[in-house]
Each structure stands twice: as structure tokens, then as C-alpha cells.
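The values are calculated or read from the model by the stated rules, or taken from the named source; none is laboratory data. Please read all numbers here as calculations on a predicted model, not as lab measurements. As a convention, Cβ positions derive from the backbone with ideal geometry for all residues, glycine included, and neighbour counts pool all protein chains shown.
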Amino acid sequence: MALKIVKGSIDRMFDKNLQDLVRGIRNHKEDEAKYISTCIDEIKQELKQDNIAVKANAVCKLTYLQMLGYDVSWAAFNIVEVMSSSKFTYKRIGYLAASQCFHEGTDVIMLTTNQIRKDLSSPHQYDTGVALTGLSCFVTPDLARDLANDIMTLMSHTKPYIRKKAVLIMYKVFLKYPESLRPAFPRLKEKLEDPDPGVQSAAVNVICELARRNPKNYLSLAPLFFKLMTSSTNNWVLIKIIKLFGALTPLEPRLGKKLIEPLTNLIHSTSAMSLLYECVNTVIAVLISLSSGMPNHSASIQLCVQKLRILIEDSDQNLKYLGLLAMSKILKTHPKSVQSHKDLILQCLDDKDESIRLRALDLLYGMVSKKNLMEIVKKLMLHVDKAEGTTYRDELLTKIIDICSQSNYQYITNFEWYISILVELTRLEGTRHGHLIASQMLDVAIRVKAIRGFAVAQMATLLDNAHLLTGNTQRNGICEVLYAAAWICGEFSEHLEDPMQTLEAMLRPKVATLPGHIQAVYVQNAAKLFATVLRKHEGETDSHAAQETSQLLIDRLPLFVQSANLEVQERASCILQLVKYIQKLQQKKVEVAEEVTALFAGELNPVAPKAQKKVPVPEGLDLDAWINKPPSESESEDEKPKAVFAKEEPKHSRSRHTEVDEKELARRREARKREQANNPFYIKASPSSQKVYDAPGVEHIPVVQIDLSVPLKVPGMPMSDQYLKLEEERRQKEKAERKKEKKKKREKRGKERKADSGPESEEDIAPAHQVDIVTEEMPENALPSDDDDKDPNDPHKALDIDLDKPLADSEKLPVRTHRPEVLKSPAEDRVNESIPQETKKRSGKEKKEKKKGKEKDRKRSKEEKKKKKHKEVEEELLESHPEEAVQSEETKEAATPPTSTSAEEETAPSSAAAVDTSSAAAPESEPDEPKDAEPEDTKSSKHKKKKQKKEKEEKEKKKKKRHHHHHHHSNAGGEDSVQNGTVEEEEPLPPMSNYFLLAENSYIKMMKEDADQVYDIQGNHQDESKVVVSVIFENKSDSFLKSMEFNVLDSLNSKLQRPEGAGAHDSLTVPFQLPPGISNEAHFVFSVQSIVMPQKLKGTLTFIVKSDESSTHEKLDFKLHFTCTSYLITTPCYL
Amino acid sequence: MIKAILIFNNHGKPRLIRFYQYFAEDMQQQIIRETFHLVSKRDDNVCNFLEGGSLIGGSDYKLIYRHYATLYFVFCVDSSESELGILDLIQVFVETLDKCFENVCELDLIFHMDKVHYILQEVVMGGMVLETNMNEIVAQVELQNRMEKSEVSDQ
């Protein structure tokens, strides 16, 4: 012993421990990877040693390397070894390593089940604790199923330390094994009132997690939580409960009403900011869920807002952040109460903390109104100027645009102002959002007709000063704006004061440095401008100006013809030739202006992105009808009449398709629409055609006609000055203008209100209602189904379980058994469909009911017999029986139905052979007894007959066996009860639990009866024990199965008992045939030499499948397992 | 739920990582790097919450962190956790470390990662808060250490 210790410590002396490893890594900074790889080699050596201390040390080092990013899963088995050490020190190391690197894909996990179970039930609480902690990190569905019961037991452990861990881990178990939720829930609920606050807190924690995902199932716990909330002083628990209530209130408004008061009290009383904050949050949730209009609401809101203001004003950035966060929740429903704190929020924009600034920006987005929009945007513009760092500035820029454009420019009262803002934003250095500004410019210019004049003027200035934008290469993002500017100037060139100047600006050589797509627009719009200039000068006698313009184009365009960009080149050369031709005509004094203008005639109308979808299908057109015959049945399923366009009736309705459910429909519809939207060849309806279909649902198509004449004609406004001044001046000016405008507007509004006529005030122009883009056309039923689609991976979906239903008997956590196969319930279920099983089940039920009264039971069994068309005489006979006879009979009766039915219904009873044994014991008056005994007795007796001896003892044994047979379906230990007929009912087991799948193919299923490994250990004439194996054969096919032959490859220890004279490898004929869907049971006897050796026997079943047309020979392989314990379990006690 | 707990130093070197959801090792390292990148560029006087660690979680998740001298303690949590509560929890955890190591410093964490894990296991289990009472945590940790010592002396 001493030597061993010395040896161990010497071993360890040469090993690096964790500290040495860390030190080594730190000393090898330059070749860390190399050093670590040598360390890993050492660790591999250490893991090969037998000394557990060395192994544990190695695993500990691996845990460290795992943190550095090394994959250590190759050592998973060694980790399991260390986990199973009996020493806490090593066990802990093992579990830590496992919790760091095991996951569901780790295959050695399945080796740990028993070790973990052992640790869970360890007398040392820390062994249990360590196992629970580890398990919480790597629990798999299998582990969860196998250990659920053990963990549930631990929830009632004497030590609170274990209890709280067990409670917490249950959440993980539920996630992995949802079936455990209902059986375990009552105890979990119990733990809410555990005397130990830690356990209580754990239980609250788990239930809150559960309820968060499926709140409706936990509504019934609300009173309990309410009690906890008013009694608990643990802030952790309170926070969790209050958060939970926040999730529950939307489902139950009455709860909300009750909550307000205690929450308000807490808000007033608590000093813990975290609790206060959660209270405020939940109050907000309550207020959102309650219908507004209750008088005391405003008080609560006020309180919340007040408290949040305190948080926001706090110097602690965290509180500030959370205050803003909560404020934004109030904003959604009660914007008014938040708006009064605008000052505070604007102040937050100055905060040095970006998270806070972003939060404040979010808030501003919701706070704007027509009244304060300009003011807020002005503040934001100031921040844009001050902002450091492009990210935040870009954020500000997008926010400004978002704020202004939200709900279709709902809050913009003056588009002139908005255009100037956009123009100002183009001065931003290095922004990435040029395209955003550009698209806004285009959108406004196109959709707000009245603003076009102003917009064009601004854009012309922009083009003129393009060098300011493009001068710096860094500013590339912003030159996108020029794209918009050029297009607007070209398209709406009739508004230009001096098209010639703009044209000149657009053809400057510098333009050639712009990105290709912008140049292309330049060239194209230069042509438009050219047309405008021509028309302008058409009437004049002096055609000099027009010719000058042509010359300008002819001079400048070649530059673009040389462009590397195809689009630019193509357009430029095309236009160049056109202009040259025009020039010729001009020289001949031909009037061309009209023709040239005609090139670009016609107004472009904005079309909503979703307009296409809203175009109704013309009467009589069925887009889904097949043009040709559908290729095949299955494919035709894809296409089906749909209800997109309300009343459209498909001409040839295919009714069989209607079963396709709504979701599927919506999905297809969606897919088709997407396809159409992306398909350039799909002809989109022109806006003009929209008027033709005056169907409902079309009116929202945004052909916007916003007549915004009012603000532009404000007298005394020096409009033209604006775009002639330089940037700086203009900004000043605009500010002044904006102020003025605002005043004007206010005045105007005042007047209009009185007059109530004339042009609409800006307040009322609200383009929003006409440009109702947002709402439509995610087909209504598509959205929810999309949400559903996200869910399947969510483990919590499986936990959506009704917890209020009383527990059914079947809902039990799997308890450890020697035969885990019992768990294979699906197989059982399948068997239950077959007739004999059903009857067995019935008989099982019967037995349960017997407890209530034997009389009743007797009647029932009588009824059953009636069903089975037995003669009434039998009944009489039965009833006339003396009481004791009935007693003993009863067990028989209960046992009878299964085999009797199977005998009657499936196999034609050839009862001759069967009469032998059973009739002796059974009362004479039991007419179905012979039949009952028949099927398996024939079989077993067949074997036995051929085993030469038929002594009485054996007969009796056989009989007992048969009894056992009948009874253990409902009672595994039922043999002893056969004798007195009463005990057995006390512990009913689920029927069929003894059978498990042996093998199965498409024709046949073999189920082995587990508990039936009954054996005569005392076989007095032979020196060997026998094992009887019952096998149920179920015909799963539509064909007739016959000539079934059962064969097993004998081992030295176990041999199939074959008829005399048969060779050792001959098969046994199964003594029945199986019509489709029928099952029957056969018994096979094995002789076993030693009951201390487990056995695995390979076997084959061959059979002929006979259908109408043909018959084939099929076979099915299976394996029989005899475990040692199975020899022992059901040793009958005959006394 | 807490999805992950990361401790790394001012240079982004991990000192303890504890994921409560499986990520492969290279993904873990990537998450550490990204988190470090997000956290390290923030001043000390800004708020301790961060949204948008894209690798881990999603919109429901927040990074809540504290910076002590040379170490960052980062918790990645979902919306069922109270932000301020988690901040307190980090404080409790650090104070516990301080008690267990007596004036804890980065070196303690470097050389005794396993012990730090054992302490953390008494605070958070499987992503859920197990114990917030520092005395209780310290007591349990010490009892287990004593048990370990007695096993060593048994040898």
C-alpha cells in the first residue's frame, strides 16, 4: 500500500498539474501552439495510465485547453472514467470537464446513465450536487427520460442544497423530455412553498421559465404567485414573479386589475432599483393589456412615467438606459404622457453613451407629432453636426429620415422643409446612406406634385454644386444623391428656371468620374433637358440659343461615348446621333421641338410595390387552370383553386383539392406572388389600367395626388434666394424660414378652423391615408403560419401542456427496471390493435374493476361471453355455481377471454389435443375452458409430448404455467395469486407491458413476452432447466401467412427443444397460420444448462406469404436475449 | 435564462468560459472575440448593457457586463432575467471570488480556473440562478474544499 502511494506521488511528480500547464503556456508566448501540442501528447500518455489521480489531473488540464479553443472531445471516455471515480475530488473534475465539452452529440453520454444515477443517490450530498450540476449542462433526451424519476425523488431530499438543485434541473429535464412535465408538476408546485427560501426561489425560477413560453397553462397558478408576491421579501423571487405576471396579464385582464395596487405599493416602498424597475415594467404591461378608459389609469401611468423620469435623470447610466427602455414601452400606448418629457429625452441625445443615445432616438421616433416634428428634427440636425464618428451620425441620419417618412410622411406638414432637410443631409461627410436620401428625394418629388417646382430648383443647385459632393473621394456614398437630382431635374424639367444652366452642369467633364449608373442617368436626363430647352426656344425667331444647346451636347457627349460603362456608352452614342440629326434639322430651320419632347412625354406615376398583387383577375380568367392536362396526379396537387381574389369561382372546381389546408394555401399563394414579383417578364398592370377595375381593394393603390399648394404660396417668402445662396447661409435662412412658416401655419390653421373651407390646412393634407401601402397584402393567413414555422425548433413548444388536467395513470415517470425495453411503448401500442391483445386488455380492466365487486365482475364476464355468442345455458350454469366454485373459477374466467377469443376467432380450434390437462382442473361446467386451454397448450404440449414424458406433475405444472400465462398480462408477479384468486388484483400493471418487440418486417411482427421466461428449475428427470418463450406473431400485411417455421441457432448453454428425431438445426413449425391483420401466440421451449449465463440466441422465422396472385418465401431474423436475472424473477411460489 | 458567462481580460484572453448551450469550440472562440470586441471599446462610464451580439442569442438576448480592473465579466442573458438583477449577481460572484481567494486578482483566475468554475457552479446552474446569498455560496464552496482536503489526507 505504502509503495503504491509512493509510486503514485512519484508519478505525479513528473506530471504537470494545471498550474504548471498555465505557467508553461505563459512562458511560451511565441510558440504557444507548439507547446500546447506537446502538452496534449503528454496528456494522452497520462490518460493511458491506470492511476485515477493522474487521469483526473490530465482531464483537468484538458478542461483548461478547452477554454483556449482546443477540441478535447477525443478524451470523452476518459472524462467518463474520471466522473466515475469514487473520490469527490476526481469526480468533480470529471463532471466539470463533462459539463464543458459534452453535448447531445457526444456518444459516450449513454454510458453515463448508471453512473449518474448512482451519484444522484449517493449518501454524500456533494456527490449528488456535483452530478446534478454536471447533468444540467449535458442532459440529453435519453438521460432525461431515464433519470427523471430519480431527480424527482431528489426534489424531496432532506437537504435544501440538493432540493434546490433538483428543482432547477427539472426545467432542463422538461425541455428534453416533455412527457415528464405533467407527472412532475405537482411536486414542483409544492416546492413553491418550500420552507427553504433557496428552494422556493428555484421553483419560482423554473415555473417562470416555463410560463414565459406558454403562459396560458400557468394562469391557474396566479393566486399562488399573488400570495407569494405579497408575502415574499426576497427580491430575486419578487422580480421573477413580477416578470411572470407581466407575461400573464395579457391573457387575463382581471389579474391586471388586481395587480395594480400591490405593484404600486411596491413601487412606493422598495428601495431596490431592480425591483422598482420590474414593477414599473409590469404595471406598464398591465396598463397595455387593460382597456383604456378606466379612471385610475392615468394615475398609474403618471406614477410610472414619474419613476422612469427619476431613473433617466439618475447619474447611473444603467438606470438611465433602462428608464428609456421602459419609457419606449409606455410610448406605444400612451404617447401623450411621454411626450411631456421630450426635453429629458432630447437631453439624452447628448449623452456620451451611445446605447443611451440610440435608445433616446428610438423614443423620439415615437414621440413626433405634426406639431413638434420640425423642432425635433432641428435638434437632431444639430446633433448630426456635432456627432463624432460616422456610425452614430449615420444612425442619426437614418433616424431623421425614418422619423420624417414614418406612416407615409404622416407628420410632415411642409414638404419644402423636408426637401431642404434632405439637401442639408447631403452635406454630411462620409455617410453611407446616400441612396437613402436619394430615394427619399425621388419619392417626395414624384408623389408630392406640388413640391416639384421647389424640389427641381433644389436639385438644380445640387447638380450645380456637385463638386462639393464629389470633391472628396471619401464621400462616395453621397453621390447617389446626384442620381436622384439628375433624374428629378430631367423628368420635371418644365419647372426649371434655367434649364440651360443645369444642362451645362450635367455635362461637365467631372461627371465622368461618377459611378456608371449615375452617369447613365445624367446622359439620359441631359436629353430630356435638351428637349425642354428646344421647346423653350421654339417660338423665338433667333434660333441661336437652341443651336448652341445642340452644339453643347455634341461637344460634351463624346466623353460619355467613350465611357467604359456600357449603359452610359450606349445611351450617350444613341443620344449623340439623335442630337446630330436634330442639329442638321435645326440648320434647315425645321421645327423639331415637339418631336423631341414626344420622346419623353407622358407622366410617370408612382406604383406601390404591392400594387400588382391587388389587381383583380378579370372575369372568367382562371390563372390556376391547367392549359394542358396535368402531368400526373401527385403533381396536380400542387396547383389548386385558391381564394386569393375573393369571389372568383374557378370554372372547373376540383373539389377533391379543397382539403388542402389554409396554411398550405397561403404558403403557395405567397410563393407564387414572390415569383411573380421577381419575374421581370410578368407584365405588371399599368397604373392607368387600375382605374378600370373598380373592385374593392384597389383604391389604396397609391396614385397620389397631393395638392400641396398652400405652403408654397405663402406670400413674402423669398423662395428663389434659397438655392442661390451658399450652404451655410441657407441653413441659417432655412431655420428662419421654418420658424416663419410655422408661424404662418399656425395662423393659417387658426383661420381655417374658423372658415372651415378653402384649401386644406397642412394638418389635414396628411398624405398618409391615400398612400396606404403598409397594411395590405401579406395575405392575412400567411403571417401566423409564418410564425408557426419559426417555432418547430423551439423546445418550449413541446412544453405547451395542460397542467390542470388530473394525472392519468399512464402518466408516470419511467421507473428504473431491469428491462428498459418496457419503455418501448409504441411497440406495445401497435400490438394492442390486434384482437387478442385487446381482449387481454379488456380482461385487465375487468380485473381492476373486480376490486369493486365480484358480483359486478361476474356479470361483466357474462356479458362478454354473451358477446362471444355463447349459449345462454352457460350463464345459467355459471350462476347456479356454488360460491366457492365461483371463487376459483373467477380467476379462470378473468384469464379466459384472451385465449378463448383468439381460439375462436382465429384458429379453428382443434381442441382434441387440448382437453388433456386443463379439463382436469377446470370445473366441468366451464364450457369454454377446453377452448381456452387449447392454443398454447397444443403448442407447448406438442413439444412436451415429443419430450417423451407426460407425468401428472408436469401436467399440473403446465397448467400452472398456463394460468401464469393468463394472469401476468396484468400482473407480473401473478403466479402466486392464481391459487387464491384475490391477491393478484391488487397491483395491476398496464396491459401488455410484458411484451416487447423481437423483430419486425413489412409482413410480420414478432413480440416476445418478457416475463414468460419461466422455467422449471427443478426439472426432475433432466438435469437441465427449461425456459418457455411466448412469442406473438402478428400479420401486418394484407396477405395470408402460412408455413411459418421457427428456428434458433443453439448455443452450448441453451437449446431449442425440438421434436424427437429432429436434427439440431431443424426448424419448428409454428402451429398456426395467420390471416391478414391477425396475431397469435406460440410457445417455444428451451433447455438451459446454466442459469448463471446470459444468452443471446440468433434465430430466423421463415414463412410463406400468400396473396391472390402469388406466394413468396420470406424470412425474418431476430435475437433472443436471456439475461440471468430473467431466470430468477418470477419464480413461482406455489404455496 | 443565462446563455453564457464569459470572463476575459483587457486583451480578450479568456479566463473562464461557461456556455449553457452547446457551441463547438471554434464558435465559442469566435463568440469570445466578438464579445470582447463589443465590450472593450466601451468607456467605463457608460451603461453596462449591450444589445446585438449577433453570434449568440438574437434580439431577445443582451450582454450584461462589468469591468473590474483587468477583467471583464460578461453574462449573456435573455429577457427573462432582470438586467439590474444580473448586475447584482455579477457583483455577488466577484465578491464571492474575493472571499474565497482572499483579494482576488487576475492571477487567481488564471491559475485556478477549476476553482472558479466550482464557485460559479454554486451561483448559476444550467443557466439559471441557483443562489444569490454570498454567505451560503461561500459556505458550500468551503465545505466541498474541506471534503477534497480530507480525501487528499486520506491518501
Among the residues of the range A:82-105, count how many are surrounded by fewer than 20 Cβ atoms within 10 Å (Cβ to Cβ) and more than 9 Å from chain B (Cβ to nearest Cβ).
3
Out of the residues in the range A:341-355 that are more than 25 Å from residue A:417 (Cα to Cα) and assigned to a loop (DSSP other than H, G, I, E, B), which is nearest to the other protein chains (Cβ to nearest Cβ)?
A:353
Test residue B:121 against the stated conditions and say whether it is under 30 Å from residue A:323 (Cα atoms) and assigned to a helix (DSSP H, G or I).
no
Search the range A:220-262 for residues being among the small types (Gly, Ala, Ser), within 14 Å of chain B (Cβ to nearest Cβ) and not in a loop (DSSP other than H, G, I, E, B), and hand back the single one that is nearest to residue A:284 (Cα to Cα).
A:246
Sole miss for residue A:191 among (1) within 27 Å of the chain's Cα centre (by Cα); (2) closer than 24 Å to residue A:815 by Cβ is condition (1)
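Residue-by-condition table, conditions (1) in a helix (DSSP H, G or I); (2) at pLDDT below 85; (3) out of contact with any Pro (no Cβ under 6 Å at 6 or more places or on another chain):
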{"site": "A:431", "(1), (2), (3)": "no, yes, yes"}
{"site": "A:440", "(1), (2), (3)": "yes, no, yes"}
{"site": "A:479", "(1), (2), (3)": "yes, yes, yes"}
{"site": "A:484", "(1), (2), (3)": "yes, no, yes"}
{"site": "A:488", "(1), (2), (3)": "yes, no, yes"}
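Each row is one residue, and each column tells you yes or no for (1) assigned to a loop (DSSP other than H, G, I, E, B); (2) in contact with a Phe, Trp or Tyr (Cβ under 9 Å, 6 or more places away or on another chain); (3) farther than 14 Å from residue A:1043 by Cα.
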residue: A:1083; (1), (2), (3): no, no, yes
residue: A:1096; (1), (2), (3): no, yes, yes
residue: A:1101; (1), (2), (3): no, yes, no
residue: A:1112; (1), (2), (3): no, no, no
Condition set more than 10 Å from every other protein chain (Cβ to nearest Cβ) and assigned to a helix (DSSP H, G or I), scope the range A:159-169, selection nearest to the chain's Cα centre (by Cα): answer is A:166
Looking only at the range B:88-140, count every residue that is within 10 Å of another protein chain (Cβ to nearest Cβ), without any contact (Cβ under 8 Å) to a residue 24 or more places away in the chain and aromatic (Phe, Trp, Tyr) and tell me the total.
1
Test result for residue A:407, in contact with a strand residue (DSSP E or B) (Cβ under 9 Å, 6 or more places away or on another chain) and either at positive phi or at pLDDT below 80 (or both)
no
Top-ranked residue of the range B:141-150 - restricted to ones that are aliphatic (A, V, I, L, M) and within 10 Å of chain A (Cβ to nearest Cβ), ranked as surrounded by the fewest Cβ atoms within 10 Å (Cβ to Cβ):
B:143
Which residue is surrounded by the fewest Cβ atoms within 10 Å (Cβ to Cβ), if the candidates are limited to the range A:196-219 and must be among the basic types (Lys, Arg) and within 14 Å of another protein chain (Cβ to nearest Cβ)?
A:213
In the range B:30-52, anything part of a helix (DSSP H, G or I), within 10 Å of another protein chain (Cβ to nearest Cβ) and in contact with a strand residue (DSSP E or B) (Cβ under 8 Å, 6 or more places away or on another chain) is listed as B:32
Odd one out for residue B:91 among (1) part of a helix (DSSP H, G or I); (2) of a type in the set (S, T, N, Q); (3) buried (at least 17 other Cβ atoms within 10 Å of the Cβ)
(3)
With the checklist (1) within 11 Å of chain B (Cβ to nearest Cβ); (2) in contact (Cβ under 8 Å) with a residue 12 or more places away in the chain in hand, flag the one item residue A:318 doesn't pass.
(2)
I need a count of the residues in the range A:64-95 that are over 16 Å from residue B:22 (Cβ atoms) and in contact (Cβ under 8 Å) with a residue 24 or more places away in the chain.
22
Quick one: which residue in A:285, A:326, A:272 is within 14 Å of chain B (Cβ to nearest Cβ) and over 34 Å from the mean Cα position of the chain (by Cα)?
A:272
Counting only residues that are under 33 Å from the mean Cα position of the chain (by Cα) and under 17 Å from residue A:45 (Cα atoms), how many does the range A:59-70 have?
1
Looking only at the range A:356-369, count how many residues are surrounded by fewer than 22 Cβ atoms within 10 Å (Cβ to Cβ) and within 8 Å of chain B (Cβ to nearest Cβ).
0
Meets criteria (within 60 Å of the chain's Cα centre (by Cα), crowded, with 17+ Cβ neighbours inside 10 Å and either in the same structural domain as residue A:482 (by the TED database) or at negative phi (or both)) for residue A:518:
yes
Qualifying positions in the range A:170-195 - away from chain B (no Cβ under 14 Å), within 21 Å of residue A:804 (Cβ to Cβ) and of a type outside the set (D, E, K, R):
A:177, A:178, A:180, A:181, A:183, A:184, A:185, A:186, A:192
Please go through the range A:531-546 and pick out each residue that is within 18 Å of residue A:505 (Cα to Cα) and either of a type outside the set (Val, Ile, Thr) or free of Cβ contacts under 8 Å to residues at least 60 places away in the same chain (or both).
A:531, A:533, A:534, A:545, A:546
Condition check for residue A:361: assigned by the TED database to the domain that holds residue A:304 and under 24 Å from residue A:480 (Cβ atoms):
yes
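Residues are listed down the side, and each one gets a yes or a no for (1) of a type in the set (S, T, N, Q); (2) modelled with pLDDT of 65 or more; (3) exposed (fewer than 13 other Cβ atoms within 10 Å of the Cβ):
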residue	(1), (2), (3)
A:576	no, yes, no
A:579	no, yes, no
A:598	no, yes, yes
A:602	no, yes, yes
A:606	no, yes, no
A:638	no, no, yes
A:659	no, no, yes
A:663	no, yes, no
A:674	no, yes, yes
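Listed here are the residues, each with its yes/no results for (1) out of contact with any Leu (no Cβ under 9 Å at 6 or more places or on another chain); (2) outside any helix (DSSP H, G or I); (3) closer than 16 Å to residue A:597 by Cα.
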residue	(1), (2), (3)
A:534	yes, no, yes
A:540	yes, yes, no
A:545	yes, no, no
A:552	no, no, no
A:564	yes, yes, no
A:568	yes, no, no
A:575	no, no, yes
A:578	no, no, yes
The range A:321-355 - residue that is surrounded by fewer than 17 Cβ atoms within 10 Å (Cβ to Cβ) and touching a residue at least 40 places away in the same chain (Cβ under 8 Å) and, of those, farthest from residue A:398 (Cα to Cα):
A:333
